[in-house]
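In what follows, a structure is listed as structure tokens, so that the remarks can point back to it.
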Amino acid sequence: MKRLILAITGASGVIYGVRMARELLLRDFEVHLIASDAACIVLDQELGWDFTPGREQVFRRHIPGDNLSYYDNTNIAAPVASGSFISDGMLVMPCSMSTLSAIAQGSAANLITRAADVMLKERRQLVLVPRETPLNTIHLRNMLALSEIGVQIVPAMPAFYHRPADLDDMVAFMVGKVLDLFQVENHLFERYR
């Protein structure tokens, strides 16, 4: 069974991370999910998730699956914080600019940035899906610094050649493109001919 760490941060577009988690679970991945505090705020704002019952309960209700493990972003002792935790990589979708900046600077102040730092030191695949516009020079420099050390930067820029009919088609396109990077077969969008 493949094992992937998935982080959802407080950038707009949390629907991308939710859809990715569901798609990975459908493909029998072991998904190790981390969500930032800001991600939970945006999940409430954009998707109407009420976290009153507790974060883990809410994530398990909206992303059902036996192979889902949830970690609080403050739990720096979680297994994913160690290089001895073997995974097929890590994905931050969506990735806020503050998280991208922290990763670029080597700051590991929370579980998301620590797990990303582990990916870098262990030379494992790390994919960041920033969702911000317009980009300032600092954003671009941080992305370049990460790209130069092998991090894949996949801005959430859906295409239109497949003629998306609705928001779900646009989300599916981005999820499919990222699954391609992890060499996961999918038919989430019509490919360019």
> Out of (1) touching a strand residue (DSSP E or B) at 6+ places or on another chain (Cβ under 9 Å); (2) farther than 26 Å from Arg55 by Cβ; (3) open to solvent by 60 Å² or more (accessible area, probe 1.4 Å), what's the single condition that is false for Arg131?
Replying inline: (2)
>> Take the residues in region 59-78 that are in contact (Cβ under 8 Å) with a residue 12 or more places away in the chain and of a type in the set (A, V, I, L, M); name whichever of them is surrounded by the fewest Cβ atoms within 10 Å (Cβ to Cβ).
In response: Ile76
> Can you name the number of the only condition in (1) within 30 Å of Tyr192 (Cα to Cα); (2) open to solvent by 10 Å² or more (accessible area, probe 1.4 Å); (3) in contact with a helix residue (DSSP H, G or I) (Cβ under 9 Å, 6 or more places away or on another chain); (4) part of a helix (DSSP H, G or I) that His162 fails?
Replying inline: (4)
>> Can you pull out every residue in region 10-54 that is closer than 17 Å to Pro130 by Cβ and assigned to a loop (DSSP other than H, G, I, E, B)?
In response: Gly10, Ala11, Ser12, Gly13, Ser36
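Over 20 Å from Pro155 (Cα atoms) and among the small types (Gly, Ala, Ser), is that true of Ser101? Step through it out loud before you land on a result.
Values: over 20 Å from Pro155 (Cα atoms): no; among the small types (Gly, Ala, Ser): yes.
The answer is no for Ser101.
Does Leu188 satisfy being in a helix (DSSP H, G or I), in contact with a helix residue (DSSP H, G or I) (Cβ under 7 Å, 6 or more places away or on another chain) and buried (at least 16 other Cβ atoms within 10 Å of the Cβ)?
On the way: in a helix (DSSP H, G or I): no; in contact with a helix residue (DSSP H, G or I) (Cβ under 7 Å, 6 or more places away or on another chain): yes; buried (at least 16 other Cβ atoms within 10 Å of the Cβ): yes.
Answer is no for this residue.
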> Name the pairs: first residue in region 117-145 and part of a helix (DSSP H, G or I), second residue of a type in the set (D, E, K, R) and open to solvent by less than 80 Å² (accessible area, probe 1.4 Å), Cβ to Cβ under 9 Å, at least 6 apart or on different chains?
Replying inline: Val118/Arg124
>> Just the residues that are in contact with a strand residue (DSSP E or B) (Cβ under 8 Å, 6 or more places away or on another chain) and either at pLDDT below 95 or among the hydroxyl-bearing types (Ser, Thr, Tyr) (or both), please, taken from region 45-81.
In response: Ser69, Tyr70, Tyr71
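The values are calculated or read from the model by the stated rules, or taken from the named source; none is laboratory data. No experiment lies behind these values; they were computed from the predicted model shown. Backbone-built Cβ (ideal geometry, glycine too); neighbour counts: all protein chains shown. Only protein heavy atoms, including side chains, enter the accessible area calculation; ligands, DNA and RNA are left aside. Shrake-Rupley method; radii C 1.70, N 1.55, O 1.52, S 1.80 Å.
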